[in-house]
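Before any comments, here is the structure.
Bear in mind these aren't lab numbers, they're just calculated from the coordinates by the rules spelled out. Model, not experiment: these values are computed from the prediction. Positions of Cβ are backbone-derived with ideal geometry, glycine not excepted, and every protein chain shown enters the neighbour counts.
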Amino acid sequence: MARMKFYCDAERCIECNGCVTACKNENEVPWGVNRRRVVTIKDGVPGERSLSVACMHCSDAPCAAVCPVDCFYTTDDGVVLHDKDICIGCGYCFYACPFGAPQFPADGAFATRGKMDKCTFCAGGPEADNSAEEFRKYGSNRLAEGKLPLCAEMCSTKALLAGDADVLSEIYRKRIVNRAGRVLQRGVPYQNATLRSPSGLKGKASSLE
Amino acid sequence: MYRPVSRTASSLLLLLVVILAPVPGGGASANNREEGIQVPNPGTDLWREVRKRQQPPLAGVKPPLNGAPGVDLWMEIERSKLSPVGSTQVKSVDSGTLINPFGDEWRRFRMEWLVPYGGYAVAGMFLLVVLFYLIRGRVPIHAGPSDKRLPRYTVYERMIHWFIAAIFLFLALTGLTMLLGRSLLIPLIGAEAFSLLASASKEGHNLFGPLFLLALALIFFRFVRRNIYQRGDLTWLLRGGGLIGSRHVPSNFFNMGEKSMFWMLVLVGGVTAVSGVILVFPVLGQGREIMALSHVAHAITALTMILVIIGHIYIGSVGMEGAIEGMTTGYCDLNWAREHHDWWAERCENNGEVITVEEAFEAEGFTPGAPKHHRPAGETAE
C-alpha cells in the first residue's frame, strides 16, 4: 500500500499561494478555515524561503493520540482522517499538532469552536466515496478518483508534491543531486545553485548515475 | 461540620497509592512512536559525498554552513518555535509558526501522565474514603443528640453553598468524562454513543464553567472573614484535628481544616476558573502554548479540587453524625457544635442563641407538631 505524504521544496516555492486557493476552492472549506497556508521565513531579506504547510499525515499522529473521543483514523494509504460526527470540537488536536493543521470554525456560542476541519489529502471522510454528504463535511475525494490532492497538482513550480513517500523521496533525491552537481561543478553556494540548471554538466546530474 | 483530618491522612495514603501504581499505556505509546516508519532522508548520503569532495574548499567560496542544504532555513524555523517569525497570508494566531514542538510535550503530559495518574488519583481517593469509613466508621456525637439547636448557616449561605456544589459536581463529572472517557467509556458504549455524551459534556462544561467563577466569588466574599487563620489553628493541625488520640481539638466557627479547604478552593479553584476561561474562548488572541499551559493548569488544579471535595463530601455526609444538618436545615445540634466547634458554640450560648428543636423546625417553615417532620433529633442527620 502506498504511504501518502506531502513534500514542499523550499528552493522552489515562490509563495504564490496557489495551493491555498486551490484547496479552498476544491474543498469549499468553511469561513475562517484555511487547511493549507504558505509560511515565509526571512520575508524580504536574503535567504527568504517559503514553505506550504498543511496536515502532514503523520505516521504517529499526535492529534489522534490526544483526541478525547478517538475520532481519528489512518486509511490504508496512510492518510490521517477524522470523523466529524464524532468530533466534539475540544481543540486538543490543535494543541498537539506541530504544524497547526487542525482548524476550527467559530460555530459555537461566543465564537467557541465548532467541529474540527483539516486537510484530508483530498481523501474525504468516512462517508461513501464522493457522496454529497462526504463533500459537505470534508470536501473533495480526489484520491477515490485516482487523483492526487489539488494543491500539489496545481503547484506551478512543482515545489509542493503529493504522493507515495517512496516516489517523493526519489524525486527529492534527484533534485538534490542536480543542485549538488552545480555545487561540485562550479563551486557556487548551494543557494545559488538551485536557481540555475547545472550548465557545465551534460544533461542532468541525476541522470549520470 | 466535618473534620478534614481524614483528608490529610488520606492524601498521604493516596500519594502512596499513586507512587506504587503501575503505569499502563506509557510503554505502549513509546512503542507506537518507535514503530513509525523510518523515512530515510534522501539528501543525507549525497551531501556527505559533496562535503567529502569539497575538501579542500574552493578558493573564494564560502562553504554552506555544516555543508548541508537548508541550514539557514532550519535555523530560522528553530527560532520560530519561540515566536512566530514567519509571515503568511493566512491571518490567525500562530499561523507564522512552522513547527510547534511544545505540542508534543503537551501530548506526553496528557497521555502519559494526566490520563493514567489522574484516573488512579480519583479512583484511589474513592477507595480511601471507603476504607476510612470501614476502619473509622461514622464519627458520632459523643454526648448524643440534644434537643437544642444553634443557627449555623443563613438561607443565603446555604443557597450559595449548594449553588457552587451543583456547579462543581456537574463540571467535575463532565470534565472527568472528557478526560477518562476514551479509556473507560468507549470500550463499554462505543465511540458513537460516547461522542454524544462527550459532546454534551463539552457544551455543558463550557456553558456552566464561567458560572463557577461567579459562585466562587460569592462564596469568597461571604465566608472569607470566618476563614482567617487564628490562634489555636496550629494546635489543631499539630493534633491532626483530633484524629490523633480521642480528644476533640477546640476550634472556632470553622476549624483549621475547613479554613484550609476554603483557601484551597479560592486559590486553586481561581486558577481553574481563569485557565478555563482562557480555554473556552479561543478568540482572545491566545496562542497554542498559552492554551496548552492553561490546560495543564486547569487539569491539575481541577483534579486537586476533585480529590479534596471527595473528602469534603464524605465527612460532611456519611462520615460524621450531625455534620450535614447545618447546611440543609440551617441549624446544627448543640452537642455537635460543642464537640466540633466549641469556641463558637460557647459564644453562641453566651449570646443566648440556643433554641429548641421545635423553634428550629418552626423557623424552617414547618408546622410545629406536625408528626411527619417532627422527628426526634438525631434521626434527621441523614
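What is the order of B:Ile186, A:Ile86, fewest Cβ neighbours within 10 Å to most?
Least to most surrounded, the residues fall as B:Ile186, A:Ile86.
Please average, across the residues of B:192-202, the number of beta carbons from any other chain that are within 10 Å of each residue's own beta carbon, and give a whole number.
Partner Cβ neighbours, averaged per residue: 5.
Output the direction-averaged projected area (hull surface divided by four) of the convex hull of the alpha-carbon atoms of segment A:4-165, in nm².
9.8
Can you tell me how segment B:178-218 classifies by the Cα gyration tensor, rounded, prolate or oblate, using a/c under 1.5 as the rounded cut?
Prolate, since a/c reaches 1.5 and a/b exceeds b/c.
Sum -39500 (n - 2.57) across every DSSP H segment of at least 4 residues in chain A, then divide by the residue count to get the 222 nm mean residue ellipticity, nearest 500.
-7500 deg cm²/dmol
Please sort B:264-275, A:62-73 by packing, taking for each peptide the average over its residues of neighbouring beta carbons within 10 angstrom, highest first.
A:62-73, B:264-275
Could you give the angle, 0 to 90 degrees to the nearest 10, between helix A:165-186's Cα long axis and the longest principal axis of the Cα atoms of chain A?
Computed tilt is about 30 degrees.
Inside 10 Å of the C-beta atoms of B:98-107, what's the mean count of C-beta atoms belonging to other chains?
Partner Cβ neighbours, averaged per residue: 6.
For segment B:151-212 and segment B:102-116, what is the centre-to-centre distance using only Cα atoms, to the nearest Å?
Each part reduced to its Cα centre gives a spacing of 22 Å.
Which whole number gives the average, over all residues in B:304-311, of C-beta atoms from other chains lying within 10 Å of the residue C-beta?
Whole-number average of other-chain Cβ neighbours for B:304-311 is 0.
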